[in-house]
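Down below is the structure, laid out as structure tokens.
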Amino acid sequence: MAPSRGLFVLVTNPTATPDVASEVVVVGAGLGGLLAALLLAEDGHRVVVLERDGAEPPGEPAGAWDEWERRGVAQFRQLYYLLPRFRHVADRELPALSAALEKVALRHDPLAGMAGAGVGDDDVVTLTARRPTVEAVVARLAAMHPGIEIRRGVVVNGLTRTPAAAGSVPDVAGVSTAMGEVAANLVVDATGRRSPLSAWLAAIGVPPVPEVVEDSGFVYHSRHFRSSDGAMPALSAPLLRHFGSLSVLLLPAEAGTWGVGLITSSRDEELRSLHRPDRWMAVARALGPVVRWVEGEPITGVDVMTRLEDRRRTLCRDSRPLVTGVVPLADAWASTNPTLGRGTTLAILHAVALRDTLRAVGLADPARFSLAWHDVTERDLGPHYDAIVTADRHRLAEIDAAVAGVPYEGGDVAWRAYRMLEDVAHLDVELLRGWYRIAGLIAPGTEVFAADGFLRRVARAARRSTVEPLPTRHELIALATG
Ligand SMILES: Cc1cc2nc3c(=O)[nH]c(=O)nc-3n(C[C@H](O)[C@H](O)[C@H](O)COP(=O)(O)OP(=O)(O)OC[C@H]3O[C@@H](n4cnc5c(N)ncnc54)[C@H](O)[C@@H]3O)c2cc1C
């Protein structure tokens, strides 16, 4: 079938119309793809979203956890939390999304009720819910937008290429599917962390694109719980705590549900039996701050997620595009260990950057656009990726040290200061505010630590804090192995 241009109905938004509206194909209706579709359609672009999973989202987002089958997203029912920065961006860029989330999500104010918390602390308040609920909200909004057509059950199997003179930079003309080809001025790859983009590019003659891939090194053992009265266990502490060789995530969610994750190093064979619900419970109950969080009714078994890759790619080399007409977005650009819960927030920031790059540069000169996309991605998103990978490497080394029974002596000054903050943030509202501002991507660590006396306060808290009685490594293994 020949590529057909002009498949779309032109819808323009009078408040934000770019000079030339484009036909955009987004591959993947995950959160990154849908957020990009919404932002581009609001700007007057005509967007077709192609999603391989056939199941439609449920009529009501509240039913998504029980009803929605999403085989294409391995982490669909894994631990999930939306950072405050996501709410800030959505409030500004997609207010209809914030309004829709308000109706079903939990408004989580991590400093609520703490002495010393105040009006100015609104910036660490977030709207959060389990992943299926959040995605159903975004999917419903996208489905209602007249500028967006979502076709579910369509597997994209490659890219098509514009006929061009030998030696010119390959230009993507659209995508191919089992149902035929779909033409586009721009293809957005939002197929997630297992994106096949590199293989698709090779198949149309694009030279190998720079890509780094390595195992992130962590294993997730997570469970979800529900309370009988809709209440949430109190949490005046960071969402992430470290207990020697084990890290724990406590993630509040909507409708009286929450997630608890026990995270280990993939090198740590002695804790592998945490996939067993009885062993998982035995370990969780031995960790003082976690006990109340596992007293609810479990609504899942133990979901294990392993072999999570750190992956990052660019379609440019030496400031020259290797291909034009296609951009990788969100996890298809870069994905990391998700412990810090940044994926969707980085996805919305990336989608805003895509809209802004289209506004600023347009597609008339495809090479200029591709280069601009590379530059903005590396400048604005690249440092987040680097920060996560650096923190992960230190944490894995710290786990190795805990397994060996020795203190971890490595780490740069910034990481050590942040790590100290993680251990003491529950002791004092000012420290907890600082932790949520950094972890919620509200302010960089350098800014929070530069505040007068903050570092001294952290150090003082670390000196004074009494260590909670926690299982030794030996006891932990005994609990995990039964
Ligand atoms: C264990 C885990 C926990 C996480 N926890 C959090 C968290 O707490 N907070 C947070 O913000 N982020 C979290 N993330 C990250 C978050 O899920 C993603 O970063 C974010 O949703 C953006 O994903 P995406 O849209 O790029 O990809 P995905 O959500 O993976 O969506 C990709 C879509 O592409 C479709 N697709 C793939 N191939 C094709 C094809 N050939 N044709 C058509 N469609 C295709 C898939 O079916 C899927 O729908 C977590 C990730 C993991 C792995």
Could you grab the relative contact order for the stretch 309-353? Cα pairs under 8 Å, six or more apart, rounded to a whole percent. 41 percent
Using a 1.4 Å probe and counting only protein heavy atoms, arrange S222, S176 so the residue with the most accessible area comes first. S176, S222
Please get the size of the charge dipole for the stretch 302-387, origin at its Cα centre, with Cβ charges of +1 on Lys and Arg and -1 on Asp and Glu, quoted in debye to the nearest 20. 160 debye
Distance in Å, no decimals, from the C-alpha centre of the stretch 152-223 to the one of the stretch 283-303 is 40 Å
Given charges at Cβ of Lys, Arg, Asp, Glu: the chain dipole, positive-most of L358, H275, V294: H275
Ordering R272, R131, R433 from largest to smallest accessible area (1.4 angstrom probe), what's the sequence? R272, R433, R131
Charges on Cβ only, +1 for Lys and Arg, -1 for Asp and Glu, centred on the Cα centroid of the chain; of A391, A37, L159, which one is farthest towards the dipole's positive end? A391
So what's the back-of-envelope 222 nm ellipticity for the chain, counting only DSSP H runs of four-plus at -39500 (n - 2.57) apiece and dividing by all residues, rounded to 500? -10500 deg cm²/dmol
Which value, in debye to the nearest 20, describes the size of the charge dipole of the stretch 407-464 about its Cα centre when Lys and Arg Cβ atoms bear +1, Asp and Glu Cβ atoms bear -1, and nothing else is charged? 200 debye
Would you give the gap between the C-alpha center of the stretch 416-449 and the C-alpha center of the stretch 111-143, rounded to a whole Å? 19 Å
Excluding ligands and nucleic acids, what accessible area in Å² is computed for M144 using a 1.4 Å probe, to the nearest 10? 130 Å²
With a 1.4 Å probe and every protein chain left in place, work out the accessible area per residue of the chain in Å², rounded to a whole number. 42 Å²
Placing +1 on the Cβ of each Lys and Arg and -1 on the Cβ of each Asp and Glu in the chain, which of P208, V376, A255 has its Cα farthest towards the positive end of the resulting dipole? P208
For the pair A202 and S168, the simple spin-label estimate (label points 7 Å beyond Cα toward Cβ) gives in nm 2.6 nm
Would you kindly derive the ³J(HN,Hα) couplings of the stretch 267-284 from the backbone phi angles with the Karplus curve 6.51 cos²θ - 1.76 cosθ + 1.60 (θ = phi - 60°), listing them in order in whole Hz, with x for Gly and Pro? 7, 8, 5, 6, 9, 5, 6, 5, 6, 7, x, 5, 6, 4, 5, 4, 5, 4
The chain - percent of accessible surface contributed by carbon and sulfur, probe 1.4 Å: 54 percent
Mean separation of Cα pairs under 8 Å and 6+ residues apart, divided by the residue count of the stretch 407-464: what relative contact order is that in percent? 34 percent
If you put +1 on each Lys and Arg Cβ and -1 on each Asp and Glu Cβ, how big is the dipole of the chain around its Cα centre, in Debye rounded to 20? 380 debye
With just the Cα atoms of the stretch 407-464, tell me how far they stretch along each of the three principal axes, in Å, largest first. 31, 23, 19
So, how do all the Cα-to-Cα distances of the chain break down into 20 Å bins, in percent, from 0 on up? 23, 54, 21, 1
Per residue of the stretch 132-148, what does 6.51 cos²θ - 1.76 cosθ + 1.60 with θ = phi - 60° give for ³J(HN,Hα)? Whole Hz please, x for Gly and Pro, Karplus curve as stated. x, 5, 4, 5, 5, 5, 5, 5, 5, 4, 5, 5, 7, 6, x, x, 10
Are there trypsin sites (Lys or Arg not before Pro) in the stretch 273-365 that DSSP puts in a loop and that have at most 13 other Cβ atoms within 10 Å, and which ones? R307
From the backbone phi of the stretch 106-123, what are the Karplus-calculated ³J(HN,Hα) couplings (6.51 cos²θ - 1.76 cosθ + 1.60, θ = phi - 60°) in whole Hz, Gly and Pro given as x? 7, 8, 9, 9, x, 9, 3, x, 7, 4, x, 7, x, 4, x, 7, 4, 5
Please give me, ordered by residue number, the GluC sites (Glu not before Pro) of the stretch 401-440 that lie in loop per DSSP and have at most 13 other Cβ atoms within 10 Å. E409
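The values are calculated or read from the model by the stated rules, or taken from the named source; none is laboratory data. Nothing here was measured: the structure is a model prediction, and the numbers come from that model. Note: ideal-geometry Cβ built from the backbone for every residue, glycine included; neighbour counts use all protein chains shown. Side chains are part of the model used for accessible areas, which takes the heavy atoms of the whole protein and leaves out ligands, DNA and RNA. Shrake-Rupley method; radii C 1.70, N 1.55, O 1.52, S 1.80 Å.
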